[in-house]
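Data block below; observations after.
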Amino acid sequence: DVKELIRFAAANNTSLIPRTAGTSLAGQCVGEGIVVDVSKYFTGILEVNEEERTVKVQPGVIRDDLNRFLEPYGLFFGPNTSTSNRCMIGGMVGNNSSGTTSIKYGVTRDKVLELKVLLSDGSEAVFSEVSSEEFRDKMQLDSMEGEIYRKLYEELKPESVQEQITDGFPKAEIHRRNTGYAIDSLIDTEVFSGTSKKLNIAELLCGSEGTLAFTTEITLRLDPLPPKNAVMIAAHFESVEKCLQAVVPAMRHSLFTCEMMDKVILDCTKNSIKYRENRFFIEGDPAAILMLELRAEEETELLDQTAALIKTLTDSGLAYALPVLRNDTIDLALELRKAGLGLLGNIVGDRKAVACIEDTAVAVEDLADYINEFSALMKEYGQDAVYYAHAGAGELHLRPILNLKKEEDVRLFRKITEDVAALVKKYGGSMSGEHGDGRVRAEFIEFMIGAENYLLLKKVKNIFDPEHIFNPGKIIDAPPMDEDLRYRPGRKEPEIETLMDFSDSLGILRGAENCNGSGDCRKPAEAGGTMCPSYRATRNEKDTTRARANALREFLTNSNKENRFDHHELKEVLELCISCKGCKSECPSNVDMAAYKAEFQYQYQKKNGSSLRSKAFAFNTRFNKLATHFPNVSNAVFSNSLSSGMIKKVLG
Ligand SMILES: Cc1cc2nc3c(=O)[nH]c(=O)nc-3n(C[C@H](O)[C@H](O)[C@H](O)COP(=O)(O)OP(=O)(O)OC[C@H]3O[C@@H](n4cnc5c(N)ncnc54)[C@H](O)[C@@H]3O)c2cc1C
Ligand code: SF4
């Protein structure tokens, strides 16, 4: 099917946007073309090799599902995003995802051994490690695959080019680096610089955001399960600065996690029905908390490690409280941190924590200075930044709070991003550590790595995809970040009159706008919770809470009809919502779709009347009563498959 689509796209001058769970934060899966959602049917776990610790999967396998499957083998796939209960391996490879565990287990690129892909001419290729000799053999191939090896060699072989790449790309010690295509990881190999590392083009495809090839199979390197015994020290600080100063001494210990969240995130959890209970370990009103996890097989070893870490933190005099969490309670605390980005959607009204500079990474040693300068910059802009992050990896998710419906804030959106890009460059950092460049950051790649390196990236794109069939406008030739935004600044937003009272979210439209696309409603039943049963049944994106919120927002904003609810598309996406209210408590933005559906039905039926099916349900007891007068006839009609089938069909 994908081959067919590639042929179709080439013949019709259109493009394909590969997609799995669609949880990307930088607009990787939006654009013009055909969205190819492989999350429903490419879900096979194809092969496990216990001895070699590898697994082969299709791109639509959910990260946590994979680890549940691998647990009996004593193995797991390390990279662990906050979205791990619904994001999929294809998307993790596409974005070179990372998450809480990277300080111990590395990022997705470190784990990808082999990729089976379809190239832009529809041919198949398998990319894995090759020695210099195998590389030469590959160059002889009379196919697009051979062409890729030949042309990459031509472009990357000159020593001056390699120097230019090393100089322009982020500092080598930053292990979270998603700036453009990873040509820097190709040159440090036997083929190009005589090192012992074998070249693997899969490393280049990792983080290429679906712009170079379409992945159909992924072979991953696995790790043995981490030691069961765990301790987490949740160090409390009176200021963000003190918290960041504590990162370097803490990182000298063998940490499994080093995550930070600030007061803004913590305050969001106060009003979340779901996460309020997870705040049990918080003492006082900390400006920031650093969550430091230790693990060991033996209890005594773990206690020794804990004592040593507490001593380091106490000696530093930076933290004011050091509560120690054990095993199960750690998960509750980590859940709070995981909810961080999603919970930011709880800010009621038009001001939102906006993703643009939320993914910068610098060397850990530079972090405190970088953040000092960053904070000064934010102060100049009158911004209360939100600090939330993988501090141990030098990465903070910093989000300015902006109202993108206002022209001056759209200007700030760009200006802040430009200034932060300059600051990151000053520290030799990466504008994207793990979320990818997508639509938001791609226009800054040239500035970050220099014009010549950017030209090289363009050549790489043209080698793989000369017709730009795969996900155009990402990484290369991206339109400006402030073009094609959801809102036209200055536009007067419609006031939607409703029967029900939605004043707590400032109206139904703003309630729907609260959905920030985090895709929590796509988590499977195995991940626990309820939301969203209709998606769980069909596994179609259109049956998620997210799709419903998006459709409502779109029609309520842009409809030309007097009754903006009067659209059959809205009926279609809301049809399978069973009004279970799962989303009201489980959606991090508390999107209450059951209430919106009730309002929709009232408004839609005002114009279109109610369906025969609804009437049949509504008058069910009357019909049943009537049927009791003719029991033989009614039983015969309903037990005969032909007549009962016809009745069901007619009633919808
Ligand atoms: C609340 C929240 C928290 C997050 N936290 C983290 C975090 O801690 N760490 C982190 O790294 N990321 C994080 N992310 C970002 C995101 O969840 C990850 O990048 C995730 O791995 C994306 O997976 P997905 O299945 O949603 O991919 P998608 O968004 O569907 O796709 C990602 C990219 O991969 C490409 N792609 C997908 N399938 C294929 C294929 N078959 N062939 C070729 N290309 C393909 C797409 O075109 C796209 O460019 C977070 C996002 C949210 C909303
Ligand atoms: S109320 Fe509707 S949208 Fe919300 S979880 Fe239940 S079925 Fe899904």
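The values are calculated or read from the model by the stated rules, or taken from the named source; none is laboratory data. Values in this document were obtained by computation on a predicted structure and should not be read as measured data. Ideal geometry is used to build each Cβ from the backbone, glycine not excepted, and the neighbour counts take in all protein chains shown. Ligands, DNA and RNA are excluded from the accessible area calculation, which covers all protein heavy atoms including side chains. Shrake-Rupley method; radii C 1.70, N 1.55, O 1.52, S 1.80 Å.
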- line: PRO79 passes all but one of the listed conditions (1) more than 26 Å from the chain's Cα centre (by Cα); (2) closer than 27 Å to MET260 by Cβ; the exception is number (1)
- prompt: Among helices (runs of 4 or more DSSP H) lying entirely in segment 477-587, which contain 1 or more residues that are within 30 Å of LEU332 (Cβ to Cβ)?
  reply: 508-513, 533-538, 545-558, 582-586
query: Taking interchain pairs and intrachain pairs at least six residues apart, which have beta carbon atoms under 7 angstrom, with the first residue in segment 282-305 and at pLDDT below 95 and the second open to solvent by 90 Å² or more (accessible area, probe 1.4 Å)?
result: ALA287/GLU238
query: Could you say which residue among ALA598, ALA537 is under 27 Å from the mean Cα position of the chain (by Cα), open to solvent by 20 Å² or more (accessible area, probe 1.4 Å), more than 16 Å from ligand 1 (Cβ to nearest atom) and at pLDDT 95 or above?
result: ALA537
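Conditions tested, residue by residue: (1) within 15 Å of ligand 1 (Cβ to nearest atom); (2) out of contact with any helix residue (DSSP H, G or I) (no Cβ under 8 Å at 6 or more places or on another chain); (3) on the phi > 0 side of the Ramachandran plot; (4) outside the structural domain of GLU163 (by TED's automatic domain parsing).
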residue	(1), (2), (3), (4)
LYS458	no, yes, no, yes
ASN471	yes, yes, yes, yes
GLY507	no, yes, yes, yes
ASN514	yes, no, no, yes
CYS521	yes, no, no, yes
PRO524	yes, no, no, yes
ARG548	no, no, no, yes
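For the condition over 30 Å from MET646 (Cβ atoms) and surrounded by 18 or more Cβ atoms within 10 Å (Cβ to Cβ), what is the one hit in VAL591, VAL573? Break it down into steps so the answer makes sense when it comes.
On the way: VAL573 fails: over 30 Å from MET646 (Cβ atoms).
Just a single option satisfies the conditions, and that option is VAL591.
With the condition kept exactly as written, say whether any residue in segment 47-58 is within 16 Å of ligand 1 (Cβ to nearest atom) and more than 22 Å from LEU205 (Cα to Cα).
The initial filter retains those residues of segment 47-58 that are within 16 Å of ligand 1 (Cβ to nearest atom), namely 56-58.
Checking which are more than 22 Å from LEU205 (Cα to Cα) leaves us with none.
Taking every residue of segment 47-58 in turn, none turns out to be within 16 Å of ligand 1 (Cβ to nearest atom) and more than 22 Å from LEU205 (Cα to Cα).
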- prompt: So which residues in segment 173-214 are within 21 Å of ARG19 (Cβ to Cβ) and hydroxyl-bearing (Ser, Thr, Tyr)?
  reply: TYR181, SER208, THR211
field: Tabulated pairs, segment 527-550, first closer than 14 Å to LYS40 by Cβ, second within 14 Å of ligand 1 (Cβ to nearest atom) and open to solvent by 50 Å² or more (accessible area, probe 1.4 Å), C-beta under 8 angstrom, 6+ apart or interchain
entry: ARG539/LYS40; ASN540/LYS40; GLU541/ASP37
field: Evaluation of LYS607 against (1) of a type in the set (D, E, K, R); (2) more than 9 Å from ligand 2 (Cβ to nearest atom); (3) within 20 Å of ARG19 (Cβ to Cβ) (one fails), failing number
entry: (3)
- request: Note down all Cβ pairs under 7 Å where the first residue falls in segment 149-174 and is more than 13 Å from TYR454 (Cα to Cα), the second is among the hydroxyl-bearing types (Ser, Thr, Tyr), and they're at least six residues apart or on different chains.
  value: GLN162/SER193; PRO170/THR179; PRO170/SER430; ILE174/SER430
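Being out of contact with any strand residue (DSSP E or B) (no Cβ under 8 Å at 6 or more places or on another chain), open to solvent by 20 Å² or more (accessible area, probe 1.4 Å) and either more than 30 Å from VAL591 (Cα to Cα) or among the β-branched types (Val, Ile, Thr) (or both) is the requirement here; does ALA442 meet it?
On the way: out of contact with any strand residue (DSSP E or B) (no Cβ under 8 Å at 6 or more places or on another chain): yes; open to solvent by 20 Å² or more (accessible area, probe 1.4 Å): no; either more than 30 Å from VAL591 (Cα to Cα) or among the β-branched types (Val, Ile, Thr) (or both): yes.
When the stated conditions are applied, ALA442 does not pass them.
Mind checking which helices (runs of 4 or more DSSP H) fall wholly inside segment 143-250 and carry at least 2 residues that are closer than 26 Å to GLU443 by Cα and touching a strand residue (DSSP E or B) at 6+ places or on another chain (Cβ under 6 Å)? Talk me through it step by step, then tell me what you get.
Working: elements: 144-156, 159-168, 183-187, 190-193, 201-205, 240-245.
In segment 143-250, the matching helices (runs of 4 or more DSSP H) lie at 201-205.
Residues checked against (1) touching a helix residue (DSSP H, G or I) at 6+ places or on another chain (Cβ under 6 Å); (2) open to solvent by 30 Å² or more (accessible area, probe 1.4 Å):
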| position | (1), (2) |
| --- | --- |
| GLU71 | no, yes |
| SER84 | yes, no |
| ILE89 | no, no |
| ASN95 | no, no |
| LEU119 | yes, no |
| GLU163 | no, yes |
| GLU173 | no, yes |
| GLY180 | yes, no |
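With THR43, THR54 as the choices, which residue is among the hydroxyl-bearing types (Ser, Thr, Tyr) and open to solvent by 30 Å² or more (accessible area, probe 1.4 Å)?
Details: THR54 fails: open to solvent by 30 Å² or more (accessible area, probe 1.4 Å).
Only one candidate qualifies: THR43.
Given PHE565, PHE619, which one is under 22 Å from SER503 (Cβ atoms), more than 16 Å from ligand 2 (Cβ to nearest atom) and either open to solvent by less than 90 Å² (accessible area, probe 1.4 Å) or among the small types (Gly, Ala, Ser) (or both)?
Just a single option satisfies the conditions, and that option is PHE565.
Have a look at LEU118, LEU113 and point out the one that is within 14 Å of ligand 1 (Cβ to nearest atom), within 24 Å of the chain's Cα centre (by Cα) and within 20 Å of THR211 (Cα to Cα). Show your work before the answer.
Numbers: LEU113 fails: within 14 Å of ligand 1 (Cβ to nearest atom).
The unique qualifying residue is LEU118.
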Scan of segment 431-458 for residues that are within 23 Å of the chain's Cα centre (by Cα) and over 17 Å from MET481 (Cβ atoms), ordered by number: GLY433, GLU434
- line: Residues of segment 130-142 being assigned to a loop (DSSP other than H, G, I, E, B) and touching a residue at least 40 places away in the same chain (Cβ under 8 Å), in sequence order, are SER131
query: Looking at segment 146-158, is at least one residue of a type in the set (A, V, I, L, M) and under 28 Å from the mean Cα position of the chain (by Cα)?
result: no
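Restricting attention to segment 451-476, which residues are more than 26 Å from ASP409 (Cβ to Cβ) and not in a helix (DSSP H, G or I)?
Kept after step one, since they are more than 26 Å from ASP409 (Cβ to Cβ), are these residues of segment 451-476: 451-472, 475-476.
Selection gives ASP465, PRO466, GLU467, HIS468, ILE469, PHE470, ASN471, PRO472, ILE475, ILE476.
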message: Restricting to segment 401-430, count the residues that are buried (at least 24 other Cβ atoms within 10 Å of the Cβ) and assigned to a loop (DSSP other than H, G, I, E, B).
response: 1
message: Please count how many residues of segment 74-96 are in contact (Cβ under 8 Å) with a residue 60 or more places away in the chain and either more than 6 Å from ligand 1 (Cβ to nearest atom) or in contact with an Asp or Glu (Cβ under 6 Å, 6 or more places away or on another chain) (or both).
response: 11
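Select from segment 568-588 the residues that are touching a residue at least 40 places away in the same chain (Cβ under 8 Å) and either more than 12 Å from ligand 2 (Cβ to nearest atom) or under 21 Å from LYS648 (Cα atoms) (or both) and list them in ascending order. First the steps, then the outcome.
Just the residues of segment 568-588 that are touching a residue at least 40 places away in the same chain (Cβ under 8 Å), to begin with: 576-578, 580, 582-588.
Correct list: LEU576, CYS577, ILE578, PRO588.
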Test: SER518 is within 15 Å of ligand 2 (Cβ to nearest atom), closer than 23 Å to VAL348 by Cβ and either in contact (Cβ under 8 Å) with a residue 40 or more places away in the chain or surrounded by fewer than 23 Cβ atoms within 10 Å (Cβ to Cβ) (or both): yes
